[in-house]
Ligand SMILES: [Zn+2]
């Protein structure tokens, strides 16, 4: 048994969103519809009369298929429990929600009125033609996001809560991917007040990198660092929008291999932009098609300086064998979240059964020269999944959920040792 080393680096998280998620009521342990409605009533009593986001009830992590009744609360049940307090119950997978009348009105959602861009996703109750309260996709997001934006003071609170949570798990450094423009100034303030508990590297959207870099001097320090820009190259495997080299087993209509969300020339331009600013570029690429597109663009961009660490690929959940050696050859950091393997088992088996042996090829990456902690980094993507580093250790070493049979392991030949896995959480390398 390898001792859990200290200290640790979380190479991919979303600080403010993590802090905010810690303050929301979770329905993960809710057994049935009745218990859900009781929680709604209790939270509505607290929210009644409060201003801003505090005047809403937003519950997360509902797993309705696990409830005794196996159905969502209706709009009228939520109206009864929450009254005039806007209430949204969000599914664990973020693709559906139930809302009461007040939340639907705040979001401008009405039965029969399509929600862009994918049309009608507001369920109507049989017979009446009225909205049942069940919202899918864009309609679910619209209701969730109709809640007022957090105030600057609330945002500070979220950042503080996120940092405290990560510190409690042993992290001394966190990389925030897709940082808000206010995050640097807020962290700078915390650093000056002696309240900062760890080193934070920031990656605002690449389109805003030049602007953020222009006033970095006002908030940067040894522990609050503008590291680079973030760019999205594709979607996710669960949504079947990750860009794949081969067709999905159950493809979305008109999108058999997912989609690349950015033109190769735009990736090249982003590499040059980061290079000119003396900063890094982090590209979200989950499917093997997106990973290859990004590596090709980096290769073509021919940066002006030593390339090691200039670019990093985030997620890289599926990598074709021919692309594995290109990471070390090009000096590209492979920033993975093995913990996603534990939550994505069903989606992987269903959508990419023909590519399971290419999921997170950690053994091959290390063999091809991606040194743990330097070119191979571990993170969690919290709050999408929890930030506990033990989950990524489990996935990297055993390739399956705890207690699952050996036959359930995904690409077991790609397992690495516990020592190698912990080394992927070690701070240092190209990030100093
Ligand atoms: Zn992320």
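So here's what we get for this one:
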item: Cβ-Cβ under 9 Å pairs, at least 6 apart or on other chains, segment 186-200 side at pLDDT 95 or above, far side assigned to a strand (DSSP E or B) and surrounded by fewer than 18 Cβ atoms within 10 Å (Cβ to Cβ); result: 198/172; 199/172
item: Qualifying position, being within 16 Å of the ligand (Cβ to nearest atom) and at negative phi, among 28, 35, 17; result: 17
item: The listed residue being away from the ligand (no atom under 16 Å from the Cβ), at pLDDT below 95, farther than 25 Å from residue 24 by Cβ and under 22 Å from the mean Cα position of the chain (by Cα), out of 356, 376, 348; result: 348
item: Residues being buried (at least 21 other Cβ atoms within 10 Å of the Cβ) and either part of a helix (DSSP H, G or I) or under 22 Å from the mean Cα position of the chain (by Cα) (or both) - total across segment 415-432; result: 4
item: Residue 58 away from the ligand (no atom under 16 Å from the Cβ), in contact with a helix residue (DSSP H, G or I) (Cβ under 9 Å, 6 or more places away or on another chain) and over 24 Å from residue 129 (Cβ atoms); result: yes
item: Among the residues listed as 81, 97, 28, 103, the single one being in a loop (DSSP other than H, G, I, E, B) and touching a strand residue (DSSP E or B) at 6+ places or on another chain (Cβ under 8 Å); result: 28
item: Complete set of residues in segment 287-325 that are closer than 16 Å to residue 375 by Cα and surrounded by fewer than 19 Cβ atoms within 10 Å (Cβ to Cβ); result: 306, 307, 308, 309, 325
item: Residue list for segment 36-52, restricted to those being over 21 Å from residue 124 (Cα atoms) and in contact with a helix residue (DSSP H, G or I) (Cβ under 7 Å, 6 or more places away or on another chain); result: 40, 41, 44, 47
item: Selection status of residue 221, assigned to a loop (DSSP other than H, G, I, E, B), within 16 Å of the ligand (Cβ to nearest atom) and farther than 23 Å from residue 343 by Cα; result: no
item: Residues that are in contact (Cβ under 8 Å) with a residue 60 or more places away in the chain and under 22 Å from residue 384 (Cβ atoms), drawn from segment 57-75; result: 58
item: Residue, nearest to the ligand (Cβ to nearest atom), within segment 4-14, restricted to residues that are touching a strand residue (DSSP E or B) at 6+ places or on another chain (Cβ under 9 Å) and in a loop (DSSP other than H, G, I, E, B); result: 14
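Results for (1) in contact with a helix residue (DSSP H, G or I) (Cβ under 7 Å, 6 or more places away or on another chain); (2) assigned to a helix (DSSP H, G or I); (3) within 16 Å of the ligand (Cβ to nearest atom), shown as yes or no for each residue.
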site: 153; (1), (2), (3): no, yes, no
site: 167; (1), (2), (3): no, yes, no
site: 172; (1), (2), (3): no, no, no
site: 175; (1), (2), (3): no, no, yes
site: 181; (1), (2), (3): yes, no, no
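The values are calculated or read from the model by the stated rules, or taken from the named source; none is laboratory data. Just so it is clear, the structure is predicted and the values come from calculations on it, not from any experiment. Note that each Cβ is placed from the backbone with ideal geometry, even for glycine, and that neighbours are counted across all protein chains shown.
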